[in-house]
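Student: My questions will all concern the structure given below.
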Amino acid sequence: MRRGSRSSTAYGRDLLAGFLLLSLTLGFFWRTVSGDVYQPADGGDLVSFLFPTYRFAAGQISQWLLPLWNPHLYGGAPFISDIQAGFLYPPNLLLFLLNPDFSYETMQWLTIGHLFWAGLGTYVLLRTLRFGGRFGDKPVSRPAALFGAIAFQFSDPLLIHMGNLNLIAVLAWLPWILAAFYRALRAHSWAWAAVTALLFAMANYAGHAQSSFYVGLAVGVMGVAWGVMKIEDSGLKIGGSGDQGSSEGEIEELRLKIRGSEIQARSEGRAATTMPSRRPIFNLQSSILFLFFIVLLTLLLTAPILLPAAELTQFTERSEFAYQDTVAYSLAPTQAIGLITPGFFGRGPALHWSLWDRVETPYAGVATLLLALGGLMLAGSATRRRLWPWAILAGFGFVTALGVYAILHGWLTLVVPGMDQFRAPARALVLWTLGVSVLAGVGFDLTARWPAQVANSLADDERAYARFNGVLKWGAILLAGIFTPLMYLALLLTQDNPTAFLRASVASLAITLAAGFWLGTWALIAMRRAGWFSPRVFAGLMVALLFADLAATGAYTDISPMDPTTGFQHPELVAFLKADPDLFRIDTRTDIEDLWQPDGAALHGLQDVGGVANPLMLTQWRTLWESTGGRQSERYDQLNVKYVLVRDGTPLPEGKFELAFDAPGELAVYRNLHFLPRAWLAAPGDDPENLAPDPDAAPVTVAHYGSNEMTLQVESARPTLLVLSEVWYPGWRATVNGQEAEVQQVNSGLRAVSVPAGASTVELRFAPRPWLWGIGLFVVGLIGIAALLAGRLHA
């Protein structure tokens, strides 16, 4: 067969594996994609935050406007600075341009699509890696790569975040980034290093800073581990002592590499040379150099969102985070039972019963865990050296996830810039599940090849299998023979206590499933060891067992037939508000979250003083809101609140509010009879924190109002301050009659501009310097890539 035909066949098989993975993905989420249920049940951040945020961005971008500022929530906020907005992420941009009025179901499709992308990336990663030893210069088999892909894609650290599309979108690129990074290190290729940075930047634009941070940590851990591994490899080859006791597979690997070097030398017309003694230093240096290059290029390409986000942090509650804030949602050691079952303390929020916060568990399937152990225990020394970086990555992720229960997390917040801004250390478990999935892919092939190995086996192989079989046997005894009967005993003893009985039932089901899948994995390995079926049959059965495991424990978790978007569905109320021609805000901070989605204003094109709970809300707006002293004050009126949405029967200050619209259902709209316009001229006074409207001044006309700019016409009898009911934030520029003017902060958080006597035209636009600097750095990054590619073309 010709080489081209072999390549075509190989690509065809990879495409078939990708199609099978896609089919499994759709099968896993069949109830969601069919419209039968919604997942997560209450929508989570997907419905309360991301859906209205994306729809606002889509509405702007479909009009070819760049939404740098969001005027709809919290009295206005810097949209470009909120990295979670994700509106510059290419898949989102494409959606926003093609279908700006997309439905909530589209958000679910985006989440499922990114989970598939995570699995496909893991498949590509496993088919890219080389493990030496018995594998030689070949990757793991396609079934093994498919196994690892399923394990990572449906692992608990991803599946539990079905409501966090941006988190999943960033992490979906992790295996792709590591695959490109491996190619860069293995081939000493700057081009592949540039591809790594491009993929990393792509992930960052999806908009979840903590996930991007963990991707960076993964790249760093792998780069350092690679450098150390290559030092060991080179020491073995140069010193000679490492060859003693090497297995036949390791010797064959070294022989193939030497032969390849000789062939290349002959083709270049030179003599083959031995590896220089300085090679270990070069490999370590190249790893660090590649890391520096990738980080630098990634920062340049992501600067348009990173620099504004860094500025925003100074003006939010995150700047006040203490260490105790960062360790919220740590993985408690008791929750490590999630290694073998994710449901012991209840998988979904409805059944969660432990004392600790519901967080991710380190679950990627029982078979995944066992085959990962098998990969480490059954591999020869050459292969095991190549597995250690992945074992280190997994261990690093697990220990970091422990947060307050392990000192490593505290050290990292101290020495790693930015880590003290993130909560939920348990999210680091995604590094654990990816590392374990790679190890399991190797263990998959090693167990599948056992009978062939036994034919010319070494004593070490038999001892390794005996140790591995011992782990399988004792684990089965503990789970099936001890823990499962104990859980059934707990069911009998707790029948008189409904709460305890429910908890015992949840835990018993979890342990029973774990025991069943443990026994199933052990049985398949034992039957393959005995030669009862071929490697292909073993591969198919093991993949099916893992999928059955992950589907049984996760496919129907946190689902509901109830539409989570009902909080947006108030057509009569919205129509009433939008019929008012004034420029005004509404106030929904009245404990109506169960009736009205807090970010509903962004979806409906209204403007609200509130929004969903968000740690990135501007501190000055929070301070301003708290300074009002209640809805009866004039300071409250300065927020331009014309309508208040309340539950029927909610009391409001008498004489100030009147019923304007009694909406169907439990909501009512009240009009503020004292509301102030969006802009007004201040009365004489020297205290910029206590400005009030001048009752004798002419009204200010808002001639134009856009997301990023506004124009006002002013007629003043004297020099004074024009006060706008708009939150102050750096980056707003003003001109008065064409001349630049300072945008001042007054009344705890409002904008003001000095205007002279007479008629004036005041223009404001949002053009933050970090955004402009970021665009410049982005261009520098593109120029660097172009120069690198041009250099390679001329090389």
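Student: Residues in segment 58-100 that are of a type outside the set (A, V, I, L, M, F, W, C), open to solvent by less than 20 Å² (accessible area, probe 1.4 Å) and farther than 18 Å from Tyr729 by Cα: how many?
Tutor: Residues meeting the conditions: 3.
Student: A further question follows. I'd like the full set of residues that are open to solvent by less than 50 Å² (accessible area, probe 1.4 Å) and either touching a Phe, Trp or Tyr at 6+ places or on another chain (Cβ under 7 Å) or over 23 Å from Thr521 (Cβ atoms) (or both), limited to segment 342-351.
Tutor: So in segment 342-351, the residues open to solvent by less than 50 Å² (accessible area, probe 1.4 Å) come out as 342-348.
The answer is Pro342, Phe345, Gly346, Gly348.
Table: residues versus (1) basic (Lys, Arg); (2) within 21 Å of Phe568 (Cα to Cα); (3) open to solvent by less than 60 Å² (accessible area, probe 1.4 Å); (4) touching a residue at least 40 places away in the same chain (Cβ under 8 Å).
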residue	(1), (2), (3), (4)
Asp637	no, no, yes, no
Leu645	no, yes, yes, yes
Asp648	no, yes, no, no
Leu659	no, no, no, no
Val669	no, yes, yes, yes
Leu673	no, no, no, no
Ala679	no, no, yes, yes
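Student: Can you tell me which residue in segment 109-145 is nearest to Leu16 (Cα to Cα), limited to those that are free of Cβ contacts under 8 Å to residues at least 24 places away in the same chain and in a loop (DSSP other than H, G, I, E, B)?
Tutor: So in segment 109-145, the residues free of Cβ contacts under 8 Å to residues at least 24 places away in the same chain come out as 113, 138-139.
Subset that is in a loop (DSSP other than H, G, I, E, B): 138-139.
Numbers: Lys138: 19, Pro139: 17 Å.
That would be Pro139.
Student: Would you say Thr565 is β-branched (Val, Ile, Thr), within 24 Å of Gly443 (Cα to Cα) and open to solvent by less than 20 Å² (accessible area, probe 1.4 Å)?
Tutor: Working: β-branched (Val, Ile, Thr): yes; within 24 Å of Gly443 (Cα to Cα): no; open to solvent by less than 20 Å² (accessible area, probe 1.4 Å): yes.
Here the answer is no, as Thr565 does not meet what is asked.
Student: Let me ask something additional. Is at least one residue of segment 570-592 open to solvent by less than 40 Å² (accessible area, probe 1.4 Å), of a type in the set (D, E, K, R) and modelled with pLDDT under 95? Steps first, answer last, please.
Tutor: Quick first cut of segment 570-592, residues open to solvent by less than 40 Å² (accessible area, probe 1.4 Å) only: 570, 573-574, 577, 580, 584-588, 590, 592.
Still in the running and of a type in the set (D, E, K, R): 580, 585, 587.
From what is left, the residues that are modelled with pLDDT under 95 are none.
Among the residues of segment 570-592, not one is open to solvent by less than 40 Å² (accessible area, probe 1.4 Å), of a type in the set (D, E, K, R) and modelled with pLDDT under 95, which makes the answer no.
Student: OK, next. Taking Asp558 as meeting all but one of (1) of a type in the set (D, E, K, R); (2) open to solvent by 30 Å² or more (accessible area, probe 1.4 Å); (3) touching a residue at least 60 places away in the same chain (Cβ under 8 Å); (4) part of a helix (DSSP H, G or I), write down the number of the exception.
Tutor: The one condition Asp558 does not meet is (4).
Student: Just for segment 456-498: of the residues that are touching a residue at least 40 places away in the same chain (Cβ under 8 Å) and under 36 Å from the mean Cα position of the chain (by Cα), which one is farthest from Leu446 (Cα to Cα)?
Tutor: Among them, the one singled out is Leu479.
For every residue, the table says whether it meets (1) open to solvent by 40 Å² or more (accessible area, probe 1.4 Å); (2) over 24 Å from Phe147 (Cα atoms); (3) modelled with pLDDT under 95.
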position: Asp460; (1), (2), (3): yes, yes, yes
position: Phe468; (1), (2), (3): no, no, yes
position: Val471; (1), (2), (3): yes, no, yes
position: Ala490; (1), (2), (3): no, yes, yes
position: Leu509; (1), (2), (3): yes, yes, yes
position: Ala514; (1), (2), (3): no, no, no
position: Trp518; (1), (2), (3): no, no, no
position: Arg528; (1), (2), (3): no, no, yes
position: Pro535; (1), (2), (3): yes, no, yes
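Here is a yes/no grid of residues against (1) open to solvent by 40 Å² or more (accessible area, probe 1.4 Å); (2) in contact with a helix residue (DSSP H, G or I) (Cβ under 7 Å, 6 or more places away or on another chain); (3) not in a strand (DSSP E or B):
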residue: Ala734; (1), (2), (3): no, no, no
residue: Val753; (1), (2), (3): no, no, no
residue: Ser760; (1), (2), (3): no, no, no
residue: Leu764; (1), (2), (3): no, no, no
residue: Ile775; (1), (2), (3): yes, yes, yes
residue: Gly781; (1), (2), (3): no, yes, yes
residue: Arg792; (1), (2), (3): yes, yes, yes
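Student: Please verify whether Gly611 is without any contact (Cβ under 8 Å) to a residue 40 or more places away in the chain, open to solvent by 10 Å² or more (accessible area, probe 1.4 Å) and small (Gly, Ala, Ser), treating the condition exactly as stated.
Tutor: No.
Student: If we keep just the residues of segment 39-83 that are among the hydrophobic types (A, V, I, L, M, F, W, C) and part of a loop (DSSP other than H, G, I, E, B), which is farthest from Leu606 (Cα to Cα)? Write out each step before concluding.
Tutor: Pass one, segment 39-83, residues among the hydrophobic types (A, V, I, L, M, F, W, C): 41, 46-47, 49-51, 56-58, 61, 64-66, 68-69, 73, 77, 79-80, 83.
Okay, now just the ones that are also part of a loop (DSSP other than H, G, I, E, B), so 41, 64-66, 68, 73, 79-80.
On the way: Ala41: 27, Trp64: 20, Leu65: 18, Leu66: 19, Leu68: 17, Leu73: 9, Phe79: 16, Ile80: 19 Å.
Ranking the candidates gives Ala41 first.
Student: Tell me which of these Leu721 doesn't satisfy, since it passes every other one: (1) under 30 Å from Asp594 (Cα atoms); (2) assigned to a strand (DSSP E or B).
Tutor: (1)
Student: Tally up the residues in segment 401-438 that are touching a Leu at 6+ places or on another chain (Cβ under 6 Å) and assigned to a helix (DSSP H, G or I), please. Full working, then the answer.
Tutor: First, the residues of segment 401-438 that are touching a Leu at 6+ places or on another chain (Cβ under 6 Å): 401-402, 419, 426, 430-431, 435.
Filter again for assigned to a helix (DSSP H, G or I), leaving 401, 419, 426, 430-431, 435.
Residues in segment 401-438 being touching a Leu at 6+ places or on another chain (Cβ under 6 Å) and assigned to a helix (DSSP H, G or I): 6 in total.
The values are calculated or read from the model by the stated rules, or taken from the named source; none is laboratory data. All values reported here derive from a predicted model rather than from experimental measurement. Positions of Cβ are backbone-derived with ideal geometry, glycine not excepted, and every protein chain shown enters the neighbour counts. Calculation scope for accessible area: heavy atoms of the full protein, side chains included, ligands and nucleic acids excluded. Shrake-Rupley method; radii C 1.70, N 1.55, O 1.52, S 1.80 Å.
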